[in-house]
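To start, the structure itself, in structure tokens.
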Amino acid sequence: MIQKKHPLLITTGEPAGIGMDVVLLLAAENKLQDFARPIWVTADADAMTERAKALTTAGVLKDCPSWQTVDENIEADDFLERMSTNTTHSDDAFILLHTPCAAPVISGQIDTSNSVMVAHQLDIAHKLAFNNTVAAIVTGPLQKSALIDAGIKLLDGTMFSGHTEFFMQQSGCDKVVMMLANQAMKVALVTTHLPLKDIPAAITADNVRQTVQIVIDDMREKFGLKQPRILVCGLNPHAGEGGHLGMEEIEIINPVLQAFIDAGVDISEAMPADTLFTPRHLANCDAVIAMYHDQGLPVLKSHGFGDTVNLTLGLPYIRTSVDHGTALDLAGRGGASATSLYQALLMANEMANKSLIEKPLA
């Protein structure tokens with residue numbers, strides 16, 4: 001039955017880190033079968049085999065999972081047909097799209113000559129998601145410094161700054177929105193990694209408007225909610241206290257929100273963040289929009305740190321991510337947790353099942 005649905009694609013990221021480890025942990029526990037979809041994984045075939053041997057030797061894996069290895073060829077017109085034919089063996093935990101490294105992989109030791117392979121994984125993922133071959137991308141951790149040191153650049157020629165910027169530029173998007181989600185709530189951000197002193201200047205009418213529109217569109221198209229219920233945090237304490245604690249709500253935020261309200265959107269005006277994040281309000285809310293990173297995310301993570309998933313809204317496809325780094329000290333040795341990857345897969349699968357953008361297989 002799983003051949004009737006588009007696959008979920010996992011990029012394992014930095015080969016010296018735990019990206020391959022967590023895939024193998026889920027595969028060994030038969031958890032990759034929970035999604036009723038084929039699972040495709042980008043990694044170097046030799047490196048994956050060696051990592052499985054290392055984890056088995058370390059006693060982390062009792063039994064080494066089996067997988068199929070194929071040489072990826074994303075330009076082939078019959079790629080999906082060939083892959084669908086190759087995914088009929090139910091004993092295989094996943095399909096490995098062999099993405100070769102330039103140098104042998106040593107667990108825990110980054111080799112920047114392999115950074116081209118890391119970037120190539122993202123290129124593969126983008127193309128397969130963009131042409132609807134896969135239902136969603138689930139990204140494993142990469143080491144941004146390694147890609148920068150290797151001279152890997154984004155499409156616009158600037159230094160590599162992360163998954164989000166890569167997929168945004170490859171997709172031709174002017175803006176995307178970071179959302180973190182768990183079982184308790186979903187929180188999207190108007191601004192992300194800015195010093196506090198720079199945030200007020202970034203709260204512009206255009207920025208707020210674009211963020212709200214992207215959240216509305218993706219809640220409808222990727223979460224299947226016809227009329228999403230959205231609450232919005234003010235920037236200032238008490239949402240400005242009628243202008244006594246700041247004018248951004250009156251002059252910038254609320255006029256934008258009122259235009260959406262007038263258009264029939266179920267969205268609040270700017271609310272005090274200290275009362276918005278209470279059970280009474282959250283019970284009638286599908287998503288929260290916070291003005292800045294540490295306004296919304298501490299509350300969300302306090303309700304389920306290990307279950308939190310990073311999403312990129314505004315892309316023409318679904319992308320979720322683990323919420324941890326490469327953990328070089330754990331790679332190939334044991335101690336890594338696959339919980340975040342599992343939650344990211346659950347979220348990607350849920351979104352794909354509800355999504356209006358996934359086209360049915362022929």
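No lab work stands behind these numbers, since they all come straight from the coordinates. Worth saying up front: this structure is predicted, and the values here are computed from it rather than measured. So basically every Cβ, Gly included, is an ideal-geometry build from the backbone, and we count neighbours across all protein chains shown.
Quick notes on this one:
- Between segment 216-233 and segment 43-61, the Cα center-to-center distance that results, in Å: 41 Å
- Per-residue Cβ neighbour counts within 10 Å put Thr275, Thr69 in the sequence Thr275, Thr69, beginning with the fewest.
- For Glu14, residues with placed amide H under 5 Å, excluding near neighbours: Leu142, Gln143
- For segment 108-124 versus segment 292-362, the gap between their alpha-carbon centres in whole angstrom: 21 Å
- Cross-link pairs Lys31/Lys226; Lys53/Lys153; Lys4/Lys127; Lys4/Lys186; Lys153/Lys354 - those with Cα-Cα distance over 26 Å: Lys31/Lys226; Lys53/Lys153; Lys4/Lys186; Lys153/Lys354
- Protection proxy ranking, peptides 6-15, 336-345, average beta carbon neighbours within 10 Å, highest first: 6-15, 336-345
- Seen from a random direction on average, the alpha-carbon convex hull of the chain projects onto 18.3 square nanometres.
- 3J(HN,Hα) from dihedral phi, segment 24-34, Karplus parametrisation 6.51/-1.76/1.60, rounded to Hz, x for glycine, proline: 5, 4, 5, 5, 5, 8, 6, 7, 6, 8, 6
- Along segment 285-302 the Karplus relation, 6.51 cos²θ - 1.76 cosθ + 1.60 evaluated at θ = phi - 60°, assigns HN-Hα couplings of 9, 9, 7, 10, 10, 9, 7, 8, 3, 7, 7, x, 6, x, 5, 4, 5, 5 Hz to successive residues, with x for each Gly and Pro.
- Here the residues Met20, Met185, ranked from fewest to most Cβ neighbours within 10 Å of their Cβ, fall in the order Met185, Met20.
- Amide proton proximity set for Thr69, modelled H, under 5 Å, gap of 5+: Leu96
- This ranking places Arg319, Arg220 by how few other beta-carbon atoms lie within 10 Å of each, fewest first, which gives Arg220, Arg319.
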